[in-house]
Amino acid sequence: MKKIITLFLCFPFIFLATISFTQKGEESLFKPEIASSPQAQKIFSFIEKNREAIIEEWIYLTEIPAPSGHEEKRAKYIEAQFKAAGLDEAYIDEFGNAVGIWRGTSQGKNIIFAPHMDTVFQEVWEIKVIREENLLKAPGIGDDTSSCINLLWSIRALKNAGFKPKNNYYFVATVGEEIGFRGMRLFLDNSKEKFDMLIALDGDLGSLSYGALGFGGGRVIFRGPGAHTMQSRGVPNPNVAVAKAIERIYQISVPAEPPEKFAIYNVGMIGGGKVNNAVSQESFFTVDLRSANQAELEKAARQIEEICRQVAEEVGVEVEINLNKNARAYQLPGARHSTLVRTAEEILKFLKVRDLEINPLGSTDANAGIEQGIPSINLGRTYCRYKHSLREEAEIDGLFVGIKQDILMILSLN
Ligand SMILES: [Zn+2]
């Protein structure tokens, strides 16, 4: 009954959301004339003139360590740059996000642009960037320091050309993106403003995502009494349970199409037992389960749970199942053909970015917006390799395409 009531209550909202997307949306706001206008030319030539300064600042910012939870130094630097650029407001909020506000007119929309400041490198306190031709190499050089640089220089170039925004731009360099979009969630939850759009700046150049990927995997542990091999006849073995469960989990079929229903899983780790001449007392495996669709995610998770309970009973061991229920999947109806996505798509095509990939499988600060019903996308920064590893690399030329992308986005939405 509760389910029926919830469905009934949700229905008008889903319906309205669909209508508003299909009626207003579908038109890209980008036109090639925007990129060839005298103002855009002035903006782009400012970027070209400052090429070396941009690369230097990119190196400088990357060399400030900022593992999740320790972003203070970067936040101070970015706040100071927001101030120096002449934004109307610049501050560090109570959660550590560096926020800059550029006010437009009262009819303007409230639009967030959000790179993240944190990196995944918890124990790395010394960072030295290596420059080799068209590459910069260092942990965090791409993810997501390059987006912070793209944003700072987009603002400076727009200011330099005398651009007057109609929209109100909220530039939010976030903390804790790598640990569950923490900074953005807190920013949105505690803001008095209503936001019309959110553009997260993260990921490779050309990756445009408009939905929130859900994560439903976790860890399954089987436990038994254990025994020496010589006394092991008939003793339930958790390793057998692991093997059986994995075999059956791989029989679960999950949809690959359409993209809004896409789901996938992988058993990434298994382990169990301490010695070779005894029955394991404890064995485990992990399963990474992801989907664009919450119903598919829950369906697969339910099947995994059933299989594990069934196997535990058959083998005669205990089972503990810890699957993630918090990182839910969200899709906004009509998002793929919304103005926001179409505009970004046309800009990426105009810039001839390689590897253009438009999908509903985002896992960035945009997820925090989508969860709250705010049309949100993610836009990339430059071409990167080996992300989240110490040998991370980013292409210098790609960064300048990323800056153009961000500038054209602001000019088109205006
Ligand atoms: Zn990132």
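The values are calculated or read from the model by the stated rules, or taken from the named source; none is laboratory data. No experiment lies behind these values; they were computed from the predicted model shown. Cβ atoms come from the backbone with ideal geometry, glycine included; neighbour counts cover every protein chain shown.
Observations
- Residues in the stretch 139-154 include at least one that is at positive phi, in contact with a Ser or Thr (Cβ under 8 Å, 6 or more places away or on another chain), at pLDDT 95 or above and in a loop (DSSP other than H, G, I, E, B).
- First in the stretch 35-63 and modelled with pLDDT of 95 or more, second anywhere and surrounded by 13 or more Cβ atoms within 10 Å (Cβ to Cβ) and charged (D, E, K, R), Cβ under 7 Å, 6 or more apart: F44/K404; L61/R74
- Filter result for T339 (within 15 Å of the ligand (Cβ to nearest atom), of a type in the set (S, T, Y) and at negative phi): no
- If you go through the stretch 104-124 and keep only what is assigned to a loop (DSSP other than H, G, I, E, B) and either within 16 Å of the ligand (Cβ to nearest atom) or buried (at least 24 other Cβ atoms within 10 Å of the Cβ) (or both), you end up with M117, D118, V120, F121, Q122, V124.
- Test: residue in the stretch 157-172 that is within 12 Å of the ligand (Cβ to nearest atom), part of a loop (DSSP other than H, G, I, E, B), under 30 Å from R342 (Cβ atoms) and not charged (D, E, K, R): no
- For the stretch 234-263, taking the residues that are farther than 22 Å from Q310 by Cα and either touching a residue at least 60 places away in the same chain (Cβ under 8 Å) or out of contact with any Pro (no Cβ under 8 Å at 6 or more places or on another chain) (or both), the one that is surrounded by the most Cβ atoms within 10 Å (Cβ to Cβ) is identified as F262.
- Only residues that are outside any strand (DSSP E or B) and within 16 Å of the ligand (Cβ to nearest atom) were counted in the stretch 198-250, giving 6.
- Any hit, the stretch 57-77, residues being polar (S, T, N, Q) and in a helix (DSSP H, G or I): yes
- Selected residue (criterion: surrounded by the most Cβ atoms within 10 Å (Cβ to Cβ)) from residues of the stretch 173-184 that are assigned to a helix (DSSP H, G or I) and hydrophobic (A, V, I, L, M, F, W, C): M184
- Scanning the stretch 125-137 for residues that are in contact (Cβ under 8 Å) with a residue 12 or more places away in the chain and either outside any loop (DSSP other than H, G, I, E, B) or within 15 Å of the ligand (Cβ to nearest atom) (or both) yields a count of 4.
- Test result for G316, modelled with pLDDT of 95 or more, away from the ligand (no atom under 16 Å from the Cβ), closer than 28 Å to G218 by Cβ and of a type in the set (G, A, S): yes
- For the stretch 377-387, the criterion of being buried (at least 20 other Cβ atoms within 10 Å of the Cβ), more than 20 Å from P115 (Cβ to Cβ) and among the polar types (S, T, N, Q) is met by none of the residues.
- All conditions in (1) crowded, with 24+ Cβ neighbours inside 10 Å; (2) over 24 Å from the mean Cα position of the chain (by Cα) hold for R156, with the sole exception of (1).
- Identification of strands (runs of 3 or more DSSP E) wholly contained in the stretch 316-414 with 1 or more residues that are assigned by TED's automatic domain parsing to the domain that holds V220 yields 318-323.
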